[in-house]
1. What's the magnitude of the charge dipole for the chain around its Cα centre, counting Lys and Arg as +1 and Asp and Glu as -1 at the beta-carbon? Answer in Debye, nearest 20.
2. Quick one: accessible surface of Val243, probe radius 1.4 Å, all protein chains present, in square angstrom to the nearest 10.
3. Which value in nm describes the separation of the simple spin-label points at Leu263 and Val287, placed 7 Å from the Cα toward the beta carbon?
4. If the chain between Lys255 and Lys279 were fully stretched, how many nm would it gain, using 0.36 nm times the residue separation less the Cα-Cα distance?
5. Taking the solvent-accessible surface of protein heavy atoms with a 1.4 Å probe, what is the per residue accessible area of the chain in Å²?
6. Between Met57, Gln24, His125, whose Cα lies farthest towards the positive end of the dipole of region 1-130 when Lys and Arg beta carbons carry +1 and Asp and Glu beta carbons carry -1, centred on the Cα centre?
7. So between Phe240 and Glu179, what do we pick up on full extension, going 0.36 nm a residue minus the alpha carbon distance?
8. State to the nearest 20 debye the size of the charge dipole of region 1-154 about its Cα centre, where the only charges are +1 on K and R beta carbons and -1 on D and E beta carbons.
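The values are calculated or read from the model by the stated rules, or taken from the named source; none is laboratory data. As the structure is a computational prediction, the values presented were derived from the model and not from experiment. Glycine also receives a Cβ, built like all others from the backbone with ideal geometry; neighbour counts cover every protein chain displayed. Just the protein is used for accessible areas: all its heavy atoms, side chains included, with ligands, DNA and RNA removed. Shrake-Rupley method; radii C 1.70, N 1.55, O 1.52, S 1.80 Å.
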Amino acid sequence: MKTVVVGLSGGVDSSVAAYLLKEQGYKVIGLFMKNWHDDSVTISDDCPWLDDSNDAMLVAEKLSIPFQTVDLSKEYKDKIVDYMFKEYKSGRTPNPDILCNREIKFDIFLKIALSLGADFVATGHYCRKNSIKTTTNSQVYQLLAGKDSNKDQSYFLCQLSQEQLSKTLFPIGELTKPEVRRIATCLNLVTAEKKDSQGLCFIGKVRLPDFLQQQLQVKEGKIIEIPDSFETYSLSQPDFESVEDELAFKAMKPKYSISDGTLVGTHQGAHYFTKGQRKGLAVGGTVAPLFVIDTDVHTNVIYTGQGKNHPGLYRSVLLVKKTDVHWVRPDLAIPLGGSLKVMARIRYRQALEPCCLYLTSEGLYVAFDSPQSAISEGQFVAWYLGEELVGSGVIS
């Protein structure tokens, strides 16, 4: 009998995952990860870890499976929280959930599971895994989108490796969310009607400004509005000597200065804001809502534009540095000078967009067919072939 350690989060998805695995004949062990101690920055009534741990324990009792809690708060702080502070301080927008999956759930947690004698780990992610043979007859694992397109979570797993996938199971990937809830209801699980967590990985819903203020100090700065008519680049583009030169030009970040716009308000720290953000600016009196189009943490200035169609929000090309390119399917990696047409997204729940990958000496350029809104440095771009997520990278 194969043994599976399930990451019981205290939610309905992991609860049903554990049940399905037991029904399939696996020996199932439930393990809850405690990743955070500081409740002062969480909203206590929304997914506190203590309630989640208790719910996970009740589910384990209901399913008659062994259960224990493991404290990974030190590892989480070192690998995720410190990374978040560093990224926000530098004016980038991190994605801690993706890093949590790569560094905690499918690394440290996986090693703990294997030390307990497990053959696999399992989670309640809405995605699927498949195994195929390549042309060289070697076995590779595919990371596939979940059957429920409204809940597909493959994006959050875009940094997983072949080794990690080989030891992982996704029991609810073939189900929809309503089907999962129906199973939980039939089993009378305490998590059946529990709302989905909207917070950071295994922490809870966090007041992000409060969270960041633990290390990033409040500092008043200017909010500048850039007019729609501002020309980011010269209308007469240079004659490009190569495709690489053209890609590099189109991937350039817009450069603004205070003299390019109008002072419309003040803020408490540029590192608290990200591109595309609308809430938190507290500036009224404009015809259309203001959106953040850029931040400068060095001068502590936020640049904004009116309306979600402001040209400053859009770019069609982004760059992933060579060291930040990750292939879930290494056998599909393109060679230097090569290209590959794929579908990609730059944030969770964004519809997949057609684009082309180009590997150059500078890194991997992702050139979208249509301009994309709020491309944010530090976030992840993930690319797909059909329903398979084949690679990803950090936007530079």
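1. Working: 44 positive and 47 negative charges, 143 e Å.
The dipole of the chain has a size of about 680 debye.
2. Val243 has an accessible surface of roughly 90 Å² with all protein chains in place.
3. Here the answer is 2.5 nm between the modelled labels.
4. On the way: separation 24, 0.36 × 24 = 8.64 nm, distance 2.29 nm.
Stretched out fully, the Lys255 to Lys279 stretch lengthens by 6.3 nm.
5. On the way: 18280 Å² over 396 residues.
Counting only protein heavy atoms, the per-residue value for the chain is 46 Å².
6. Farthest towards the positive end: Gln24.
7. Working: separation 61, 0.36 × 61 = 21.96 nm, distance 5.36 nm.
Answer, rounded to one decimal: 16.6 nm.
8. Numbers: 19 positive and 21 negative charges, 170 e Å.
For region 1-154, the charge dipole is close to 820 debye.
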